[in-house]
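Reviewing the structure listed below.
What follows draws every value from the coordinates through simple rules; no lab data is involved. Just so it is clear, the structure is predicted and the values come from calculations on it, not from any experiment. Glycine gets a Cβ as well: all are built from the backbone with ideal geometry, and neighbour counts include every protein chain shown.
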Amino acid sequence: MDVSLVAWGPGDLPELERANTPEMTAFLGGPESAQQLVERQERYLRLNASGEAHMFRIDADGQSAGGIGWWQVDHDGVPAYETGWHVYPEWQGRGVAKAALREVIRRIAATGDRDLLVAYPGAENGASNALCRTAGFSRRGGGTMPWRGGELTFHTWVLDLSPLDLDGRVADFDERFDGGVLDETSWWPHYLPHWSSRERTAARYELGPAGLELRIEETTPAWSPEFDGGVRVSHLQTGQLSGPVGSGRGQHRFREGLVVREAQPERRLLLPRFGVIEVRMAAVRHPAAMVALWPIGFEEEPEQSGEICIAEIFGADLDESGGWVGVGLKPQHDPRLHEDFEKVRVEGDLTEFHDYAVEWSADGIRFFIDHRWVKTVAQRIDYPVQLMLDVYELPSAGGVRDIAALPHVLRVERVRTFPPRG
């Protein structure tokens, strides 16, 4: 479905009238009068013209589906934007409000002029409260206020859009890969070898003054033909845990039917829990390539398997002016989590170095690109994770490798972690 925002215009009074039904205003104290709707229409146009507000009609597949906007407020003495929306009954439950709110959040974050977005849905409006939670807002209490001749009880939802601030923070891990030799007290140069073997999963890499190069070469074998077909990978990880040969116990059970094929030593290397995790790396522009940093649960318990996708960049998603970066949370086998993953558009050459980071706390995870906020996941993942840093070569539709394009090289300048704020 194509959901777009169209600036509120002089001809949109009928949209307000369409939304002014008992059903649509049940959580707002009931319909407004005809004169109040005229005044609201004039207010929308006036505030749009002055820049104090940005009001839009929501179009879905070319049809009017509702309205949304944001406007200037103070929240607890802090300059903020407030947002609100409505979606017509025939479009509800189809992801229209979610798509429109994500676009509003994206536009506000791009302006950078206010770091706080708030929403005050009625306490009984289950759908709007659930949407706030899904969009990454955190609930911060609520209240009751006079509204349309009665009282409105509301919940307060807050979304922090501020950039990543590392001023005054000291890294507890700062890897520059410039020592000439890979530090295997921090990095295990194999990709999930329990589902294959150390020989087939050994990383191809070079270290130098500019940092790390992880390489897919012509002679790089498919890492696990039995379980993952022709996928090739060059990879470093900061932990290793699996069961005995023949068991199904192992980290990152990426498909059903996995069986441990080679016993592995347990390695507890770098296993952060909360704080900042950051990588500075350059993507590979080729349709078969993908680069990523995706910490996963160390899996002392099988359900402790959630994945924090800091950056996942497919070469096919890059173009002349920028590209799409996958960020978010994947539950894998953690039943307490649900998937909250999306691709965000980033302008600029992603084959040059960019910073990708998360700030992870007990309340949720905030995602950043070049220190700019791009997403918040309001879920709790509360166990140690190991870093997974890699470049993949994915099989082509015709099954023929583009040998002339090799090697595919992921360049990494640094990886850092910072402890949580005290």
Rg and Dmax of region 3-160, Cα atoms only, in Å: 14.9, 40
Under the rule of -39500 (n - 2.57) per DSSP H run of 4 or more residues, summed and divided by the residues of the chain, what mean residue ellipticity at 222 nm is obtained, to the nearest 500 deg cm²/dmol? -4000 deg cm²/dmol
Counting sequence-distant residues (5 or more places) and residues on other chains, those with an amide H built under 5 Å from that of Leu350 are none
Checked region 173-418 with the C-alpha gyration tensor, a ≥ b ≥ c its square-rooted eigenvalues, rounded below a/c of 1.5, otherwise prolate if a/b is larger than b/c and oblate if not; verdict rounded
Would you mind calculating the relative contact order of region 178-290 from Cα pairs under 8 angstrom and at least 6 residues apart, reporting the percent as a whole number? 26
Could you work out how far the C-alpha centroid of region 191-229 sits from that of region 103-160, in angstrom? 46
Say each of His371 and Gln36 gets a label point 7 Å from the Cα, pointing the same way as Cα to Cβ; how far apart are those two points in nm? 4.7
Would you please state which residues of region 6-39 a label at Ala49 would reach in this model, taking the label point 7 Å out along Cα→Cβ and a backbone N cut-off of under 12 Å? 10
What does the net charge come to around Thr134 if you take all other residues with beta carbon closer than 14 Å to its beta carbon, with K and R at +1 and D and E at -1? +2
Say a paramagnetic label sat at a point 7 Å from the Cα of Arg107, along Cα to Cβ; which residues of region 322-360 have their backbone N under 15 Å from it? none
Each residue of region 408-418 in turn: what ³J(HN,Hα) in whole Hz from Karplus with 6.51, -1.76, 1.60 and θ = phi - 60°, glycine and Pro shown as x? 7, 10, 8, 9, 10, 7, 6, 10, 10, 10, 10
Convex hull volume per residue for the chain, taking Cα atoms only, in Å³: 170
Apply the Karplus parameterisation 6.51 cos²θ - 1.76 cosθ + 1.60, with θ equal to phi minus 60°, to every residue of region 74-91 and state each ³J(HN,Hα) to the nearest whole Hz, in sequence, with x for glycine and proline. 10, 10, 6, x, 10, x, 8, 10, 10, 10, x, 7, 8, 10, 5, x, 5, 9
Take the Cβ-Cβ distance between Asp61 and Ser162 as r, set R0 to 30 Å, and report the resulting FRET efficiency rounded to the nearest 0.05. 0.30
Counting other Cβ atoms within 10 Å, which trypsin sites (Lys or Arg not before Pro) in region 10-70 have at most 13 and lie in a DSSP loop? none
Longest span of the chain, sites excluded, free of GluC sites (Glu not before Pro) in DSSP loop with at most 16 other C-beta atoms within 10 Å? 53-123
Which loop trypsin sites (Lys or Arg not before Pro) in region 246-310, with loop taken from DSSP, have no more than 11 other Cβ atoms within 10 angstrom of their Cβ? Arg255
Any idea what the relative contact order of the chain is, in percent, if you count C-alpha pairs under 8 Å spaced at least 6 apart? 15
Here region 218-233 yields Karplus 3J(HN,Hα) values (6.51, -1.76, 1.60; θ = phi - 60°; whole Hz; Gly and Pro given as x) of 4, 8, 5, x, 4, 6, 8, x, 4, 10, 9, x, x, 5, 10, 8
Expressed in nm to one decimal, what extension gain is obtained for the pair Arg18 and Asp183 from 0.36 nm per residue of sequence separation less their Cα-Cα distance? 52.9 nm
Sort Ser224, Ser138 by Cβ crowding within 10 Å, fewest neighbours at the top. Ser138, Ser224
